[in-house]
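Below you'll find the structure, written out as structure tokens, and then a few comments.
The values are calculated or read from the model by the stated rules, or taken from the named source; none is laboratory data. Bear in mind that the values here come from a model prediction, so they are computed numbers and not experimental data. Using ideal geometry, Cβ is built from the backbone for each residue, glycine included, and neighbour counts are taken over all protein chains shown.
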Amino acid sequence: MSEQRPGDGITPAYSNYVLALLFVAYVFNFIDRQILGILLDSIKQDLALSDTVMGLLTGTAFAVFYATLGLPIARLADKWVRRSIIALGLALWSAMTVLTGAVQNLWQISAARIGVGVGEAALSPPAHSLISDYFPLEKRATALGIYAVGIHVGTLFGFKGGGVLDDMFGWRWAFVIVGVPGLLLALLVWLTVKEPRRGRTDPAHANPAPAPPVAEVLAYLMQRASFVWLAIAMGFTAFAGYAFSVWAPTFLKRVHGMTSSEAGDLGWPIGIGGALGSILAGYVADRLGRRDPRWWVWVPALAGVGPLPFTLAFMLHGDPTFALWIATPGMAIAAFYQGPSFATVQNLARPEMRSVASGLMLFITTMIGYALGPPTIGLLNDHVFAHHGDFAVRYSLALVLSVAGLAGTLSYVVAGRYLRADLHRAAASAATPPACAPCCRSRACAVRCSRRARGASSQACSWRCRLASSAWAARPRSTRCASSSCKARESQAAGPPSRRRFSSIAPPRPTPISRPSASHHRRG
């Protein structure tokens, strides 16, 4: 799936191994995060808490620290060894999950969940940056889509495994049992993952600049309207997703009278449907994005309103078995947004700021989605639909999913209006002189790029070359390669003035490949 670069010793097989290991880490990330949802009623009864308090505990207490500390950790990941940051964070959140089994009151469980949030903040920003350096642009959405499958597999094991453990051993031992394996996985990450060169898979970059401050990255991204609308879209989509994943097991217990292990069956539609949807979304976004990069935001736009017919049927149908089956296609469509959205963020950011860019996006989506989604359901249960009793959670979920889903889809559509221009600007601002970048501007570029890609479509390769050459042409001449041989090749490869700059990042029309004539050399 990846490609080997000369001299770095990283093979495609090893790149896939790293992706698999990061995927497993993300699975444990969501097991330790989502197990609280299936154990919510048991903890509420044991510690005598309200729905509002449980919503704050499952959402806000975790999310505020997860999002806030994610930014300095992401900044560190752009300067330090990303593998080590992931391993340390994995060890921390696993240890705090184990300690959650020993809490005795609200303050202790809040502190334990805050510790889990701090540890989990160390995974995704450096992981997104690592994956972007292991996999090239045209395969990045697929790779990040596979990584995002960890959300759904982790939710499956968190719900089903947590429900079975709750019925067999109680909620305290459930936290201990799921936390211990993460400590062993942290050691495996530390010992076996290599740190690749930053910008390794980006043809327009040779040596990325030092990591900029967070404020500079934020200012850079906020100048891209597509990023702003993408952040809003992901925030609303995550708002609906986290509200559903936290409160849907409680809905099954209260409305249909299920036990914890029975309610854990919700993990099957979320896990299987979500995994298939995440992989499919990455593949489709990569395929269609080769022709038009706006598909990177059009595909995840389906995750807002697409699941609504299925999730509303899940909440309103009287048969719980049918409700679980009908939820599966809805969960598949709801999973469309993670991989392509984060791939778009990575493509908008320069290599030296990718971890921070991912951390900023996680901060925005977590503060909108996780910090506000679950507490909103709790508030609606206690204050708006309280007269419905145990059925209040049904109407709270239906209202939140409908409003947030529609807002998310509309925001994705608006982001698509600005994406092509913003990608062009990002490439132009990031271009640095490689060994001899002007070769990308020759008329034989598509063929050479196609041969280097080993089977990738020539259309995708020429798109990448055009993006690189467009960025290179936009740089001042003082920043280009200063060697006399490179200047001579630039003069030969540039062609007529009309070919020297490209106004669009759309795929170019095929051009005949021929050697420049003598008169052409004189004009250059």
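Summary table
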| read-out | value |
| --- | --- |
| Any chance G339 is buried (at least 22 other Cβ atoms within 10 Å of the Cβ), of a type outside the set (K, R) and more than 16 Å from the chain's Cα centre (by Cα) | no |
| The stretch 240-253 residues that are closer than 14 Å to Y395 by Cβ and buried (at least 24 other Cβ atoms within 10 Å of the Cβ), paired with ones that are small (G, A, S) and at pLDDT below 90 (beta carbon under 6 Å, 6 or more apart) | A243/G373 |
| Residue pairs meeting the criteria (Cβ under 6 Å; at least 6 apart or on separate chains; first without any contact (Cβ under 8 Å) to a residue 12 or more places away in the chain, in the stretch 9-21; second small (G, A, S) and surrounded by 12 or more Cβ atoms within 10 Å (Cβ to Cβ)) | P12/S2 |
| Failed condition for A301, given (1) under 16 Å from H152 (Cα atoms); (2) within 16 Å of the chain's Cα centre (by Cα) | (1) |
| Members of the stretch 307-330 found to be within 15 Å of L406 (Cβ to Cβ) and surrounded by fewer than 19 Cβ atoms within 10 Å (Cβ to Cβ), listed by number | P309, L312 |
| Entirely in the stretch 312-419, the helices (runs of 4 or more DSSP H) that have 2 or more residues that are without any contact (Cβ under 8 Å) to a residue 60 or more places away in the chain | 320-334 |
| Residues of the stretch 27-51 that turn out to be among the polar types (S, T, N, Q) and not in a helix (DSSP H, G or I), as a count | 1 |
